[in-house]
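The values are calculated or read from the model by the stated rules, or taken from the named source; none is laboratory data. Because the structure is a prediction, the values reported are computed rather than measured. In this analysis, Cβ positions are derived from the backbone assuming ideal geometry, glycine residues included, and neighbour counts consider all displayed protein chains. For accessibility, only protein heavy atoms count, side chains too; no ligands or nucleic acids. Shrake-Rupley method; radii C 1.70, N 1.55, O 1.52, S 1.80 Å.
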Amino acid sequence: MNRYILLTLKVIVDTGWYLILPLMLIVAIVIGIQVATAGRLEWDVPVVLKTDHLPVETIDAADFHATKIVKTEGVLKLDVKLTPFLTADAVLFFCLGVSLLVGILRNAREIIASLQADAPFDLANVRRLRIIGLCVLGNALLECCNSLLNIFLFNKHIREMENMYQVKVVFGMNAIIVGLVILLLSEIFRKGAQLKADNESFV
């Protein structure tokens with residue numbers, strides 16, 4: 001691998017590694033203070049506006065004519081009174097999200113270190129890539145679970161507005177694809193490590 005590309009990746013990953021914990025600690029403190037003082041939390045719910053009466057500028061051209069906007073996406077901000085259930089969910093989602101990100105960054109740093117040591121096809125890298133792939137897939141699952149929680153909040157607090165809003169369900173397809181590709185790469189690295197071991201046994 002080009003050493004400049006490798007150096008750039010190392011700088012990016014190391015920056016994320018050294019910033020993630022302080023930033024998450026600051027976020028946790030801010031949220032904790034808000035919860036302790038107000039007992040409420042601002043909860044973002046991605047939604048799709050279902051109304052077909054949104055204003056649109058009249059656009060006339062030779063080949064087309066714009067008439068209306070049917071759907072658009074947005075974020076509905078709910079000021080939610082925290083219950084023990086919602087508090088536990090918020091803490092759980094936050095901790096899981098941070099843990100998955102830490103797992104990705106930690107293993108990425110170790111892989112970059114092995115590349116710098118000119119030992120890419122190490123069996124340890126196979127395990128590291130698998131962990132990264134599973135963490136990415138875990139993030140997709142976390143997004144889907146968060147969508148289900150958003151549906152619960154929406155139905156509980158503003159069900160009467162369901163004719164205007166529809167909660168956007170996120171399946172994390174991009175994360176799923178990336179996670180599967182990383183798992184595929186781990187198998188390629190496993191095969192490379194096996195071939196390397198076979199070649200060394202003949203020497």
For this session: Run down 88, 119 and say which single residue is over 17 Å from residue 45 (Cβ atoms), out of contact with any strand residue (DSSP E or B) (no Cβ under 8 Å at 6 or more places or on another chain) and not in a helix (DSSP H, G or I).
Result: 119
For this session: Tell me, please, whether a residue that is loosely packed, with under 15 Cβ neighbours inside 10 Å, assigned to a helix (DSSP H, G or I) and without any contact (Cβ under 8 Å) to a residue 40 or more places away in the chain can be found in the range 98-105.
Result: yes
For this session: Report, by residue number, each residue of the range 129-179 that is charged (D, E, K, R) and touching a residue at least 24 places away in the same chain (Cβ under 8 Å).
Result: 130, 143, 168
Seminar exercise, completed: The number of residues in the range 158-203 that are more than 26 Å from the chain's Cα centre (by Cα) and open to solvent by 50 Å² or more (accessible area, probe 1.4 Å) is 18
For this session: Could you check, for the range 41-50, whether at least one of its residues is open to solvent by 60 Å² or more (accessible area, probe 1.4 Å), more than 20 Å from residue 146 (Cβ to Cβ) and modelled with pLDDT under 90?
Result: yes
For this session: Within the range 178-203, work out how many residues are modelled with pLDDT of 90 or more and touching an Asp or Glu at 6+ places or on another chain (Cβ under 9 Å).
Result: 0
